[in-house]
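> I have a structure I would like to understand better, so I am pasting it below and will then ask my questions one at a time.
The values are calculated or read from the model by the stated rules, or taken from the named source; none is laboratory data. Owing to the predicted nature of the structure, the values given are computational and were not obtained by experimental measurement. So basically every Cβ, Gly included, is an ideal-geometry build from the backbone, and we count neighbours across all protein chains shown.
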Amino acid sequence: MPFPCFEGRRKVVVAMAHIGALPGAPLHDAAGGMAALIDGVAADVARLQDGGVDAIMFGNENDRPYLTKATPESVAAMTAVVAAVKPALRVPFGVNYLWDPAASVAIAVATGAAFVREIFTGVFASDMGLWTPDAAAAVRLRATLGRPDLKLMFNINAEFAHSLDRREIGLRARSAVFSSLADAVLVSGPITGQPAEMSDLAAVAEAVRPVPVLANTGVTIDNVAEVMRLADGCVIGTHFKVDGNTWNPVDPDRVRRFMDLVNGLR
């Protein structure tokens with residue numbers, strides 16, 4: 001996989017560290033404040049690293065309903081949380097502010113992240129309304145802030161949304177690499193925790209080779225062998241949680257069992 005931060009790793013497993021709802025979000029724990037956010041994600045990071053994952057990605061999945069333009073208070077809070085946990089990290093890390101590409105890049109630069117995941121391209125009918133991300137603004141911000149090494153992972157088919165682009169998914173992925181400088185392409189299912197169609201994963205991998213392709217949702221111990229046959233890696237969150245519930249803490253036994261299987265596949 002041609003990412004310097006993943007050098008020497010095959011079939012990369014990027015584990016999600018879901019931060020609690022940030023200030024301003026409806027589910028934010030005002031009584032617990034920033035300390036609760038930091039303590040919660042730090043505990044999950046420790047379990048993920050002890051289980052042997054290759055990388056960590058911090059995300060604000062708990063900020064429901066999601067924004068397509070970040071607020072100042074949530075960007076500041078997410079940056080502070082990642083910065084507080086960073087000294088404990090032993091693996092490369094990335095960030096994803098749902099669903100604002102420019103905010104994700106800004107947080108990544110401020111915290112020294114190695115990569116960003118976002119919806120950078122396309123037009124979608126979504127739970128958030130009509131969704132039109134601006135890849136140019138995010139990619140230009142990366143250049144302006146002096147981080148050409150920051151890798152941008154383009155989630156090519158958004159969760160919670162339907163693409164209004166009628167081109168087949170392989171062509172959309174190839175176009176994103178050509179016109180928007182995607183460093184990697186991610187393929188998702190229709191919603192968090194649900195798997196991508198294997199036919200979509202195969203089509204994207206064929207279309208953008210040698211650009212890395214990762215499965216972005218719904219990877220489990222039952223389907224990871226098929227996923228890794230087609231993709232260069234996966235992003236995994238829900239399956240690592242207690243009872244496979246996205247909103248629960250990380251289950252260290254689930255992480256270890258999954259990584260034992262992946263290491264065997266490698």
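> Suppose we filter 192, 246, 220 for residues that are at pLDDT below 95, assigned to a loop (DSSP other than H, G, I, E, B) and in contact with a Ser or Thr (Cβ under 9 Å, 6 or more places away or on another chain); which single one remains?
192
> Test of understanding: among 104, 74, which residue is small (Gly, Ala, Ser) and touching a Gly at 6+ places or on another chain (Cβ under 6 Å)?
When all the criteria are applied, what remains is 74.
> Residue 182: farther than 19 Å from residue 15 by Cα, surrounded by 14 or more Cβ atoms within 10 Å (Cβ to Cβ), within 15 Å of the chain's Cα centre (by Cα) and of a type outside the set (Phe, Trp, Tyr), yes or no?
For residue 182, the condition - farther than 19 Å from residue 15 by Cα, surrounded by 14 or more Cβ atoms within 10 Å (Cβ to Cβ), within 15 Å of the chain's Cα centre (by Cα) and of a type outside the set (Phe, Trp, Tyr) - is met.
> When you check residue 65 against the structure, is it in contact with a helix residue (DSSP H, G or I) (Cβ under 6 Å, 6 or more places away or on another chain), at negative phi, in a loop (DSSP other than H, G, I, E, B) and in contact (Cβ under 8 Å) with a residue 24 or more places away in the chain, yes or no?
Considered against the rule, which asks whether it is in contact with a helix residue (DSSP H, G or I) (Cβ under 6 Å, 6 or more places away or on another chain), at negative phi, in a loop (DSSP other than H, G, I, E, B) and in contact (Cβ under 8 Å) with a residue 24 or more places away in the chain, residue 65 comes out as no.
> For region 225-233, indicate whether the set of residues that are under 16 Å from residue 50 (Cα atoms) and surrounded by fewer than 16 Cβ atoms within 10 Å (Cβ to Cβ) is non-empty.
So far as region 225-233 goes, no, none of its residues is under 16 Å from residue 50 (Cα atoms) and surrounded by fewer than 16 Cβ atoms within 10 Å (Cβ to Cβ).
> Specify the residue that is farthest from residue 224 (Cα to Cα); the eligible residues are those in region 249-266 that are in a helix (DSSP H, G or I) and touching a Lys or Arg at 6+ places or on another chain (Cβ under 8 Å).
Looking at residues that are in a helix (DSSP H, G or I) and touching a Lys or Arg at 6+ places or on another chain (Cβ under 8 Å), I get 252.
> Does residue 215 meet the test of being farther than 26 Å from residue 64 by Cβ and touching a helix residue (DSSP H, G or I) at 6+ places or on another chain (Cβ under 8 Å)?
Taking the combined requirement at face value, the residue does not satisfy it.
> Then there's this: Determine whether residue 191 is surrounded by 17 or more Cβ atoms within 10 Å (Cβ to Cβ) and free of Cβ contacts under 8 Å to residues at least 60 places away in the same chain.
Considered against the rule, which asks whether it is surrounded by 17 or more Cβ atoms within 10 Å (Cβ to Cβ) and free of Cβ contacts under 8 Å to residues at least 60 places away in the same chain, residue 191 comes out as no.
> Only one of 105, 91 is over 18 Å from residue 235 (Cα atoms) and either in contact with a Leu (Cβ under 7 Å, 6 or more places away or on another chain) or in contact (Cβ under 8 Å) with a residue 12 or more places away in the chain (or both). Can you tell me which?
The unique qualifying residue is 105.
> Taking the residues in region 88-109 that are under 12 Å from the mean Cα position of the chain (by Cα), among the hydrophobic types (A, V, I, L, M, F, W, C) and more than 24 Å from residue 9 (Cβ to Cβ) as candidates, determine which candidate is surrounded by the most Cβ atoms within 10 Å (Cβ to Cβ).
99
> A follow-up question, please. If you take the residues of region 214-224 that are buried (at least 19 other Cβ atoms within 10 Å of the Cβ), in contact (Cβ under 8 Å) with a residue 40 or more places away in the chain and of a type outside the set (Ser, Thr, Tyr), which of them is farthest from residue 253 (Cα to Cα)?
Filtering first and then ranking leaves 214.
> Still on this structure, I have one more. Among (1) more than 30 Å from residue 261 (Cβ to Cβ); (2) within 13 Å of the chain's Cα centre (by Cα); (3) not aliphatic (A, V, I, L, M), which single condition is residue 59 missing?
Residue 59 satisfies every listed condition except (1).
> Now, a different point. Would you be able to tell me the number of residues in region 206-217 that are outside any loop (DSSP other than H, G, I, E, B) and either of a type in the set (Val, Ile, Thr) or under 20 Å from residue 191 (Cβ atoms) (or both)?
4
> Any idea how many residues of region 24-53 are surrounded by fewer than 21 Cβ atoms within 10 Å (Cβ to Cβ) and assigned to a loop (DSSP other than H, G, I, E, B)?
10
> Next question, about the same structure. Spot the failing condition for residue 78; the list is (1) modelled with pLDDT under 95; (2) in a helix (DSSP H, G or I), and only one is missed.
Condition (1) is where residue 78 drops out.
> So which residues in region 142-162 are crowded, with 19+ Cβ neighbours inside 10 Å and either of a type in the set (Gly, Ala, Ser) or more than 16 Å from the chain's Cα centre (by Cα) (or both), if there are any at all?
142, 158, 161
> Checking the condition of a type in the set (Asp, Glu) and in contact with a strand residue (DSSP E or B) (Cβ under 9 Å, 6 or more places away or on another chain), which residue from 73, 61 passes?
61
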